[in-house]
Amino acid sequence: MNIRYQAILPGVSVSVITGLAALFLSDHYGSPAMLFALLIGMAVSFLYRADSPSTEGIDFCASTLLRTGVVLLGLRLALEDLTALGWDTLGLLCFAVLTTILLGIGLAKILGLKGQLGALTGGAVAICGASAALAISTILPKDQHHERDTLVTVIGVTAMSTIAMVLYPIIAVQLNLSDSEAGIFLGGTIHDVAQVVGAGYSISQEVGDMATLTKLVRVAMLVPVVMIMVLVVAKTLSVGIKSRRTNSPKIPLFLVGFVMMMLLNSFFVLPESVVEMGSQISRFFLIVSIAAIGMKSNLGQLINVGVRPIIMIFAETLWLALIILGYLHFS
């Protein structure tokens, strides 16, 4: 155990320092911390090489620490959140999430990209931005472009979410949406939780509360979406592969942990300080892990991917907004 600890310490230290730098810049300049973490990580990607003492620790942060951060996301949720919005709105969000992911897969094929990249971007846009992208990427098949695809997705959804945080409140006011409608619109369309909070409370307390609740329900959909993707991936990989064991998909342990945290918060009255601390630790772990993923990136490959994934993310974002606005207009 001590040998393992010593092996990962240099890489973990570098990733944590990068995460702290990202948080500092985010607090002072008002931009997403995950984007700063990603960019700083990419700037020091020379630390990730075969003979570097940091390599093993960076791998640890990009995998184990990432999964731990996703597990702690469950503390933000309670089962009562799923029904508080009403069945109509819950059905709308389910439809929006499903069709956005399917749109991503379809657009990927049209644009000549891999279907799993479409599922990754669609899931990130539909559920909770960079956090969903990181969670989904852990269960997709690993290939030479895996880190690159994750980076492109995180960059794309973070940029779109930041634009939406500024633009969508203006749209909500111009369309004369009620507080409830504006909250559903903002919480149902903006990708990252932090941007939803910022956009909602910039209008009013009531809009902010509704937007946050709507967003948390979308976050809860990470569980069924990842499970469905696990089944699809397992079925795909089982064709022509050596053993019948591949026909039995394994439930990711981080997903089990996510559900356990959600149930814990549902059936026990946890102190608000505990929930807040868990949320902050989760956020920090995800920031550190995205910094580590940035260190593992190859900037040349990122440039070579071109604008097609960004076009795909933009189209998914637009589709999601049109679905929610269409429901609010005709309901």
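When Ile203 is tested against (1) part of a helix (DSSP H, G or I); (2) in contact with a helix residue (DSSP H, G or I) (Cβ under 6 Å, 6 or more places away or on another chain), just one condition goes unmet, and that condition is (1). Count of segment 102-113 residues, restricted to those that are under 19 Å from Val307 (Cα atoms), of a type in the set (A, V, I, L, M, F, W, C) and not in a loop (DSSP other than H, G, I, E, B), is 5. Residue pairs whose Cβ atoms lie under 9 Å apart, separated by 6 or more positions or on different chains, with the first residue in segment 217-236 and more than 18 Å from Gly115 (Cβ to Cβ) and without any contact (Cβ under 8 Å) to a residue 24 or more places away in the chain and the second of a type outside the set (Ser, Thr, Tyr) and surrounded by fewer than 18 Cβ atoms within 10 Å (Cβ to Cβ), are Pro224/Cys94.
The rows are residues; the columns are (1) on the phi > 0 side of the Ramachandran plot; (2) over 20 Å from the mean Cα position of the chain (by Cα).
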residue: Ala126; (1), (2): no, no
residue: Gly129; (1), (2): yes, no
residue: Leu140; (1), (2): no, no
residue: His145; (1), (2): no, no
residue: Val152; (1), (2): no, no
residue: Ala172; (1), (2): no, yes
residue: Leu177; (1), (2): no, yes
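When each of Thr83, Thr150, Thr64 is tested for being part of a helix (DSSP H, G or I) and in contact (Cβ under 8 Å) with a residue 12 or more places away in the chain, the lone residue that passes is Thr150.
When segment 44-61 is filtered for residues that are of a type in the set (A, V, I, L, M, F, W, C) and touching a residue at least 12 places away in the same chain (Cβ under 8 Å), the ones remaining, listed by number, are Val44, Leu47, Ile58, Phe60, Cys61. Tell me yes or no: at least one residue of segment 175-190 is in a loop (DSSP other than H, G, I, E, B) and in contact with a Cys (Cβ under 7 Å, 6 or more places away or on another chain). No, segment 175-190 has no match at all.
Once segment 121-156 is narrowed to residues that are over 19 Å from Lys296 (Cβ atoms) and β-branched (Val, Ile, Thr), the residue that is surrounded by the fewest Cβ atoms within 10 Å (Cβ to Cβ) is Ile127. Scanning segment 154-188 for residues that are of a type in the set (Val, Ile, Thr) and in contact with a Leu (Cβ under 7 Å, 6 or more places away or on another chain) yields a count of 4. For segment 114-130, the criterion of being of a type in the set (D, E, K, R), over 24 Å from Gly326 (Cα atoms) and part of a helix (DSSP H, G or I) is met by none of the residues.
The numbers here are math on the coordinates, done by the rules we state, and not lab data. Computed from a predicted structure; not experimentally measured. A quick note on method: Cβ atoms are made from the backbone with ideal geometry, for glycine too, and the neighbour counts reach across all protein chains shown.
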